[in-house]
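For reference, the structure discussed in these notes is given below.
What follows draws every value from the coordinates through simple rules; no lab data is involved. Everything numeric in this text was worked out from a predicted model, so none of it was measured. Every residue, glycine among them, receives a Cβ derived from its backbone with ideal geometry; neighbour counts consider all protein chains shown.
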Amino acid sequence: MLRLLTIASVLLVALLAGCGGSATKEEFQEDVVAARNETDAGLAQIVQATSVDDLLARMRIAASEVRGASTDVGDADAPDELEDARDALARRLLALSDEIVGTVETLEAFPDQAALTSALNFEQWIAVQTELKKLRALGVAVPPLERHKPEPIRQ
């Protein structure tokens, strides 16, 4: 009986190992593009702010969207050769989310400066762009993040 259980266990392990669980490059690309789009949409809505309070609220939303994208990328099944790139992108997205949160906290601490802010630049945005570029070099068709600016006021 023990021998039968041992053989069954070995077969089960071999069967599970054979399943792999590794996505195709195309499946992984879909996940990465979806996370990129979620990140971009979160960042895009920041520039629609109409007041300092609205700006801070929109930045919190963006940070949450980017954090969600980081989780989605980190959870995405990737081909073996793309796992390191996946992990690097997930880390950079998380760092971007943290940077946005830190900026919100800084602006809250200095409300007069927040009212004078005319542009925001995030170092981690550049790092995310770098990781997306690396993925493109590896054959993953994912567009870069857009640069967002408010629409001009028409009079």
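Observations, loosely collected:
- Residues of the stretch 30-65 with amide N under 18 Å of a point placed 7 Å along Cα→Cβ from F110: 52-53, 55-56
- Evaluating 6.51 cos²θ - 1.76 cosθ + 1.60 at θ = phi - 60° for every residue in the stretch 128-144, the Karplus couplings come out as 5, 4, 4, 5, 5, 5, 4, 5, 4, 5, 8, x, 9, 7, 10, x, x Hz, glycine and proline recorded as x.
- Compactness of the stretch 23-139 as Cα Rg over 2.2 N^0.38 Å, two decimals: 1.14
- Cα-based reach from K134 at 14 Å (exclusive), listing aspartates and glutamates while leaving out same-chain residues under 8 positions away: E81, E83, D84, D87
- Exposure proxy shown here: for I126, I61, I46, the number of other Cβ atoms within 10 Å sets the order, fewest to most, as I126, I61, I46.
- Karplus (6.51, -1.76, 1.60) ³J(HN,Hα), θ = phi - 60°, over the stretch 46-60, in Hz, Gly and Pro reported as x: 4, 6, 8, 4, 10, 7, 4, 4, 5, 4, 5, 5, 5, 5, 4
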